[in-house]
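The values are calculated or read from the model by the stated rules, or taken from the named source; none is laboratory data. Just so we're clear, the structure is a prediction, and the values are computed from it rather than from any experiment. Glycine gets a Cβ as well: all are built from the backbone with ideal geometry, and neighbour counts include every protein chain shown.
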Amino acid sequence: AQVNITHANSRVSAVLPTGESVEILLYGATIVSWKDATGKEKLFLSQKAALDGSKAVRGGIPLVFPVFGKAPDHAATATLPQHGFARTSRWEFLGKSTSEGSGTTDGGDSSVKLDFGLSQSNLDEASKEAWPYAFGLIYSVTLGREGLMTSVVVRNEGESAWEFQVLMHTYFRINDISKVSVSGLETSSYIDKLTTPISTNTSPSSTLSISSKIDRVYTPAGGPSAPVVIAEAGKPKFSITRDNLNEVVVWNPWTDGASMADFAPADGYRNMICVEAGAVKGWQKLEAGETWEGGQIVTDVV
Ligand code: BG6
């Protein structure tokens, strides 16, 4: 059996013969749904998320580029909106490739890779003016039976060097935040964005539990290939490994979520945790003609 792809004007979806599925908006190349073979949704998407291209999607996996948050001190990105323009630009769907699983009885497809592209010519005038660099991004979303891989290739198509940050802002769906623990962030350096001034700390050797607002940028001591695991009620749920993405942001707005216009239900913070793989501490410098690649593999453990 083959992968079933639908490509409408504004979104692309793919369903594996075994039932797993993924749905991506061209707006931001935002992944808005990822379901397992039983139809269970793995990502949190706010009930009030705008899906019409009027603002960045609250949920799923928005892609952050070329700046994480705001960077008033970094001249080249200082005037860009929070988290840059990739999540609010319309991408092109470049096509799909499938692979057959060795373990499949009918030789059917066991994974599908969907490629999306964004370059300077796709940007609106305001973004082009604010960030006048020639670039090419290829974002690949690979859906398999065991999980979802997202990777990005960044290319400098200009004549001189520029710098960027990139991050996969994954909103994981969970049942109850009070039962969640995150491992893989122990004894690691982290920046706490909620302290004034922002502080740098070292995490304890115990796993992370969340019982209030959190906004931290971890540099996991184990490096990118050591998994960060989200467990619920003691059972591993998602395992994240990274390539070239040295940081992991953990964010949950807690009850402040209710004050965001596009966050619903008001107690939705109980059902989500953002664990975001990125290269966001300092800057990645790309010389003219150079490319950089990074990605994450999320394994659906349960
Ligand atoms: C996280 C940041 O990645 O994204 C937080 O660390 C931020 O500081 C959050 O609040 C959501 O950002 P936005 O722009 O989607 O509301």
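Residue-wise test of (1) closer than 25 Å to LEU123 by Cα; (2) away from the ligand (no atom under 16 Å from the Cβ).
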residue	(1), (2)
LYS35	no, yes
LEU43	no, no
SER54	yes, no
VAL57	yes, no
GLY60	yes, no
PRO72	yes, no
ALA75	yes, yes
Problem set entry | Residue satisfying condition, being out of contact with any Leu (no Cβ under 9 Å at 6 or more places or on another chain), hydroxyl-bearing (Ser, Thr, Tyr) and surrounded by fewer than 19 Cβ atoms within 10 Å (Cβ to Cβ), within set THR241, THR299, THR255 | THR255
Problem set entry | Condition met for GLU100 (over 21 Å from the mean Cα position of the chain (by Cα), farther than 22 Å from GLY282 by Cα and at pLDDT below 95) | yes
For this session: Determine which member of the set GLY107, GLY84 is more than 16 Å from the ligand (Cβ to nearest atom) and not hydroxyl-bearing (Ser, Thr, Tyr).
Result: GLY107
Seminar exercise, completed: Here the qualifying pairs (Cβ atoms under 6 Å; residues six or more apart or on different chains; first in the range 200-222 and under 19 Å from GLY268 (Cβ atoms); second in a loop (DSSP other than H, G, I, E, B)) come out as ASP215/LYS193; ASP215/LEU194
Exercise. Does the range 153-170 include one or more residues that are free of Cβ contacts under 8 Å to residues at least 12 places away in the same chain and among the charged types (D, E, K, R)?
Worked result: no
Exercise. Looking at the range 172-183, is at least one residue within 19 Å of the chain's Cα centre (by Cα) and within 16 Å of the ligand (Cβ to nearest atom)?
Worked result: yes
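A quick yes/no check of all residues on (1) at pLDDT below 95; (2) in contact with a helix residue (DSSP H, G or I) (Cβ under 6 Å, 6 or more places away or on another chain); (3) more than 21 Å from LYS193 (Cβ to Cβ):
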site: ILE31; (1), (2), (3): no, no, yes
site: GLN47; (1), (2), (3): no, no, yes
site: ALA50; (1), (2), (3): no, no, yes
site: SER54; (1), (2), (3): no, no, yes
site: PHE68; (1), (2), (3): no, no, no
site: LEU80; (1), (2), (3): no, yes, no
site: GLY84; (1), (2), (3): no, no, no
Exercise. From SER178, SER127, which residue is out of contact with any strand residue (DSSP E or B) (no Cβ under 7 Å at 6 or more places or on another chain), at pLDDT 95 or above and over 22 Å from VAL301 (Cβ atoms)?
Worked result: SER127
For this session: Output the strands (runs of 3 or more DSSP E) that fall wholly within the range 200-302 and possess 1 or more residues being within 23 Å of GLY59 (Cα to Cα) and within 12 Å of the ligand (Cβ to nearest atom), or say none.
Result: 214-219, 247-252, 272-286
Exercise. Only one of (1) touching a Phe, Trp or Tyr at 6+ places or on another chain (Cβ under 9 Å); (2) in contact (Cβ under 8 Å) with a residue 60 or more places away in the chain; (3) more than 16 Å from SER178 (Cα to Cα) fails for ASP256. Which number is that?
Worked result: (2)
Exercise. Given the conditions (1) basic (Lys, Arg); (2) closer than 28 Å to LYS193 by Cβ; (3) assigned to a helix (DSSP H, G or I), which single one is not true for LYS128?
Worked result: (2)
For this session: Look at SER181 and say whether it is surrounded by fewer than 18 Cβ atoms within 10 Å (Cβ to Cβ) and either closer than 28 Å to TRP251 by Cβ or touching a residue at least 24 places away in the same chain (Cβ under 8 Å) (or both).
Result: yes
